1. Could you sort L45, L22 by their accessible area in this structure, using a 1.4 Å probe and putting the largest first?
2. How much mean residue ellipticity at 222 nm does the chain get from its helices, if each DSSP H run of length 4 or more adds -39500 (n - 2.57) and you divide by all residues, to the nearest 500 deg cm²/dmol?
3. How big is the chain along each principal axis, measuring the range of its Cα positions in Å and listing the largest first?
Amino acid sequence: MFRYTLMRLGIFVGSFLAIWGLVYVRVLPSGLGSSNLFWVALLALVVSAPLSWVMLRRQRDAVAIQVAEKVDRAKERLAANQSQEDGV
């Protein structure tokens, strides 16, 4: 999960830097007044979300499997504990 989060953060940072560069060279419009950083961050968020969805599909599936396995193990432990309590 940590690796997946770092990869998403990396895609966001890469998008942020690319968009900031495009705004700096005036390919993209800049924000009004002091809102430029907010504009770049918002645009980077909008760009990085679909990129993450496509590029990190394999990692997201692996994380989902790990979470499902942990939930199954927790359910088994809970059921085992409940059966021990019922026997008392």
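1. In descending accessible area the options line up as L45, L22.
2. Values: 3 runs with 73 residues, N = 88.
Calculated at 222 nm, the ellipticity per residue is -29500 deg cm²/dmol.
3. 74, 26, 15
The values are calculated or read from the model by the stated rules, or taken from the named source; none is laboratory data. Please read all numbers here as calculations on a predicted model, not as lab measurements. The protein model used for the area step is the full one, side chains on, heavy atoms only, and it has no ligands, DNA or RNA in it. Shrake-Rupley method; radii C 1.70, N 1.55, O 1.52, S 1.80 Å.
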